[in-house]
1. Any residue at all in region A:33-45 that's more than 19 Å from B:PRO97 (Cα to Cα), in a loop (DSSP other than H, G, I, E, B) and either modelled with pLDDT of 95 or more or in contact with a Lys or Arg (Cβ under 7 Å, 6 or more places away or on another chain) (or both)?
2. Which residues, counting only those in region A:65-83, are facing another protein chain (nearest Cβ under 7 Å) and either acidic (Asp, Glu) or assigned to a strand (DSSP E or B) (or both)?
3. When region A:1-36 is examined, which residues are found to be buried (at least 19 other Cβ atoms within 10 Å of the Cβ), among the β-branched types (Val, Ile, Thr) and out of contact with any helix residue (DSSP H, G or I) (no Cβ under 7 Å at 6 or more places or on another chain)?
4. So is C:GLY46 on the phi > 0 side of the Ramachandran plot, at pLDDT 95 or above and out of contact with any Phe, Trp or Tyr (no Cβ under 6 Å at 6 or more places or on another chain) or not?
5. If we scan region C:95-114, do we find a residue that is in a helix (DSSP H, G or I), touching a Ser or Thr at 6+ places or on another chain (Cβ under 9 Å), among the small types (Gly, Ala, Ser) and in contact (Cβ under 8 Å) with a residue 40 or more places away in the chain?
6. Answer yes if at least one residue in region C:188-208 is within 14 Å of chain B (Cβ to nearest Cβ) and within 27 Å of B:GLU62 (Cβ to Cβ), and no otherwise.
7. State all residues of region C:1-45 that are within 14 Å of chain A (Cβ to nearest Cβ) and of a type in the set (Lys, Arg); if no residue qualifies, say none.
8. If we scan region B:51-61, do we find a residue that is of a type in the set (Val, Ile, Thr) and closer than 29 Å to C:GLN154 by Cα?
Amino acid sequence: MARTLINAPKTAKRGEVIEIRATIGHPMETGFRPDENGKILPRNIIKKFSCRYNGELVFSAEMFSAVSANPYLAFHTLATESGTLTLTWEGDNGFSQTETISLSVVA
Amino acid sequence: MTMNPTPALLTRRRLVLASTSLTALTLMQPALANTDELAQAVSAYAAGKKVTEGKVKLEIAELVDNGNVVPITVSVSSPMTAANHVKAIAVFNEKNPQRETVKFDLGPRYGKSEVSTRIRLATTQKLVAVAHMSDGTFWSHTVEVIVTIAACIEGED
Amino acid sequence: MAASTQAMQADDTLNPGMLWVKDGEALWQKLPSQSQKSCANCHTPGSMKGVASRYPAFDDVLKRPIALSQRINQCRQKYQQVEPLRLESQDLLSLESFVAHQSRGLPVAPPTDSRLDAARQRGQQRYTQRMGQLNLSCAQCHDDNAGGRLGSSQIPQAHHTGYPVYRLEWQNLGSLQRRLRNCMSGVRAEPFAYGAPELVELELHLAVRAKGMLMETPGVRP
């Protein structure tokens, strides 16, 4: 399980736009870098990130080798109803991790 | 310094000069190819449709502290309503090993058309952020970023 | 340092170093394998405040100055009866970051312990001694030319207050000793091994040099 640093408000007003910041610990080995013997290290990156709000996809990102290690994303979503935001990261070598955050939406 | 170089030196000098210009030519060609590749990548993303500079703002430091971790923020002028919003944003680079940098899918629930991340830049180069709008149009912003290598080259730890 | 790098440090929601602080916090609570005690079992909440700001310190058991990372390992062996963690390993960095983070905002307070004097002196001498193929001393860059430029990089005063630090060049968190070793490679000198007394001596001198400055752990640096 990779470390994650997720920041999002716990509550929001209906119709408010909230910002979610998510960092995950991952080397994002580019696949272009040689080791000390000159052999190219195999690529090992997170390729996809998605955020589902009560099951509905509200944001996704496709990451390439050009994304820095310990990838950071700051994105937005409209607070519509209370529920769960599910953040999923998927990548090379079967990497898959999901974190959930709760959001309470008031009128 | 000898005033009359021997024939052997003359030949070597000519060879060095020749190879320098060959090298120069070789160095030039990849750079030109990269700029073409960048244009091609943007064009492919827009499926051949017209891409207009405007509406998009790619925020990035002009001179980065370190090319390994470069914060960027892409914002797009859009009301982000169901009828009029940003569908997707893509960032392309000019001189990294691969043109694609990062792509985002937004949509009407996104709320505020702004997204941030941190990217790697191999060297000084152009970056293009392209936004795909719900009305099918494509907009972009091109920036030039200066990237230098760290002064003290360290051994791998 | 660019505004964006400073901003990365100033905001805990942006600071990648917080990944390690969080991890360290979890390790602090965890029972290491084969042990009956976690760090938290002995060390009450808040008890680590001010600790990092007075390291390196003289260790009564080893009878020599040691860095914070070595003190953590001392604890593991003596009080938790487990193996020491490899120096510069992710777990040890996490623990060190967590402990040092508790001193964030506190002034660097090198101990006045006279048993440290000889080692501190050696550290100071080494700081001003030329080394490596480039034949440069720490002082020549970081005292004489601080604020200037080496290539396009700004030469910092080289204070240790942010360590362990998330270095953009490493795309990783690392200790002060890693940075010192990198400096030594930078001037083409053979770097001292992790945990070497020479590195601890340099750390002792850097602590005196930064006396009174506020700790920033986890720092973010280019």
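1. no
2. Scanning region A:65-83 gives A:VAL67, A:TYR72, A:LEU73, A:ALA74, A:PHE75, A:HIS76, A:THR77, A:LEU78.
3. A:ILE18, A:ILE20, A:ILE24, A:THR30
4. No.
5. Among the residues of region C:95-114, at least one is in a helix (DSSP H, G or I), touching a Ser or Thr at 6+ places or on another chain (Cβ under 9 Å), among the small types (Gly, Ala, Ser) and in contact (Cβ under 8 Å) with a residue 40 or more places away in the chain, which makes the answer yes.
6. Scanning region C:188-208, I find no residue that is within 14 Å of chain B (Cβ to nearest Cβ) and within 27 Å of B:GLU62 (Cβ to Cβ), so the answer is no.
7. Within region C:1-45, C:LYS22, C:LYS30 meet the criteria.
8. Looking through region B:51-61, at least one residue is of a type in the set (Val, Ile, Thr) and closer than 29 Å to C:GLN154 by Cα.
The values are calculated or read from the model by the stated rules, or taken from the named source; none is laboratory data. Being a predicted model, the structure only gives us computed values, none of them experimental. Virtual Cβ from ideal backbone geometry, glycine too; neighbours counted across all protein chains shown.
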